[in-house]
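For reference, the structure is listed below as structure tokens.
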Amino acid sequence: MGSVERVGAAIDLRETDRVPVDLHSFQRAAYATGLPMSQVFRDGALLAEAMIADWREFGHDMVLLENGTGCNAEACGVEVHYRDDTAPVAGEPVLRSLSEVGELQVPDPYVTFPMSEILKATRILARELGDKAWICARADQGPMDLAAQLRGMNEFMMDLATGEDEQLIHALLDYARRVATRYAYALIECGGRSTSIGEPMAGPAMISPRHYRRYPWAHERRMVKELRDQGIILHLHICGDTDRITDDFIATGAPVLEIDHKTDATRAKAATLGRTCLLGNIDTNLLVFGTPGEIDIACEALISTCKQGGGFILGPGCALAPTTPADNIHALVESARRYGSYR
Ligand SMILES: [Zn+2]
């Protein structure tokens, strides 16, 4: 069985030949080229080349394509700082007050940097690898994260805490949802088999479960539904420990939930069994600092917890660090073959 079928079966909650494996490896792939990461992340052709070389080395089933946490913000006018040791970061926000949200335009991803470069990378990956690996072209960021980048992290936290301008908060989240949704359509048009939004700001480490339900949740759910109605698979990625929002996380309806290593995989599996596919959640620190033997043990335990009933894709809990050793990644990928068989 090929990788595309294998991943498709996992998302459809079917057991196949074995558990598929993904790598969230854009940073490591860029770093491994030897070029400045800031150059690779701004150039779709270089980024695609990096991701293809990464796939050739590790042979994972699912390739996660993105250029980091500033793509949508930059397309919306936020200055983004590109660095050579990590992913780009958003700089000064563009909204001085929530009331300015009505002036924001949804960018056309085909002509707006850097979305246009990621679309280029998606086309190249689809052409070169599309029948050999499942390409998830990520529409980062999600409503909550993009809203916080546009408004400023501290200001947006204050907006949520006071709740005085609830209508405007929702107007901003709605705008951010429309940005990510339009980008998601373009990524799929360019050959992505699925897409994903990252929402680290929506996790319990950043906002309370009550605020998650009150603010971003309905916007994430609406995005999932709109894309699902068009036959498009949206993954939802929330960093950190999501145990306290498990029910709401599932109730977004996202067909793939990407869980971080702090989330209890046993509980997540029990809650999602027969309902949605889980992707994750090996500790990215273990992948940097551990040994291949330690990674093998962690993967064996995780696979035995999560493989039952299908609906599981083994991978790191979040983005791999640039310096993650190759031997450790080989151990992760190999463990799916060694322990993930359904036969
Ligand atoms: Zn994450």
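The values are calculated or read from the model by the stated rules, or taken from the named source; none is laboratory data. All of these numbers come straight from a predicted model, not from anything done at the bench. Heads up, the Cβs are rebuilt from the backbone with ideal geometry, glycines too, and the neighbour counts pull from every protein chain shown.
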Those residues of the stretch 1-40 which are of a type in the set (S, T, N, Q), in a helix (DSSP H, G or I) and under 15 Å from Asp84 (Cβ atoms) amount to Gln27, Ser38, Gln39
Subject >> Residue check, Ala73 within 21 Å of Leu173 (Cα to Cα) and assigned to a helix (DSSP H, G or I) >> reply: yes
Of the candidates Thr272, Thr263, Thr284, the one satisfying the condition of being at pLDDT 95 or above and more than 13 Å from the ligand (Cβ to nearest atom) is Thr272
By residue number, the members of the stretch 226-241 that are away from the ligand (no atom under 16 Å from the Cβ) and either farther than 15 Å from Thr181 by Cα or in a helix (DSSP H, G or I) (or both) are Glu226, Leu227, Arg228, Asp229
query: Before we move on, is Phe26 within 16 Å of the ligand (Cβ to nearest atom), touching a residue at least 24 places away in the same chain (Cβ under 8 Å) and under 24 Å from Leu146 (Cα atoms)?
result: yes
Restricting attention to the stretch 70-111, the residues that are closer than 18 Å to Ala186 by Cα and in contact with a strand residue (DSSP E or B) (Cβ under 7 Å, 6 or more places away or on another chain) number exactly 3
task: Kindly establish whether Arg177 is over 23 Å from Glu66 (Cα atoms) and either more than 16 Å from the ligand (Cβ to nearest atom) or under 18 Å from the mean Cα position of the chain (by Cα) (or both).
output: no
Per the filter on the stretch 41-63, residues of a type in the set (A, V, I, L, M, F, W, C) and part of a loop (DSSP other than H, G, I, E, B) are Phe41
In the stretch 326-340, residues that are under 15 Å from Asn285 (Cα atoms) and either among the basic types (Lys, Arg) or crowded, with 17+ Cβ neighbours inside 10 Å (or both) total 4
Ile245 meets each of (1) more than 25 Å from Tyr185 (Cα to Cα); (2) assigned to a loop (DSSP other than H, G, I, E, B) with one exception, condition (2)
Within the stretch 84-114, the residues that are among the aliphatic types (A, V, I, L, M), in contact (Cβ under 8 Å) with a residue 40 or more places away in the chain and assigned to a loop (DSSP other than H, G, I, E, B) are Ala87, Val94, Leu95, Leu104, Val106
Scanning the stretch 115-154 residue by residue, the ones that are acidic (Asp, Glu) and not in a helix (DSSP H, G or I) total 2
For the stretch 297-337, the count of residues that are away from the ligand (no atom under 16 Å from the Cβ) and either without any contact (Cβ under 8 Å) to a residue 40 or more places away in the chain or in a loop (DSSP other than H, G, I, E, B) (or both) equals 16
Restricting attention to the stretch 21-43, the residues that are of a type in the set (Val, Ile, Thr) and closer than 26 Å to Met1 by Cα number exactly 1
With criteria (1) surrounded by fewer than 24 Cβ atoms within 10 Å (Cβ to Cβ); (2) of a type outside the set (Asp, Glu); (3) over 18 Å from the mean Cα position of the chain (by Cα); (4) over 21 Å from Asn67 (Cα atoms), Gly152 comes up short on (4)
Inset, instruction - Determine whether Met201 is surrounded by 23 or more Cβ atoms within 10 Å (Cβ to Cβ), away from the ligand (no atom under 16 Å from the Cβ) and closer than 24 Å to Ala90 by Cα. - result: no
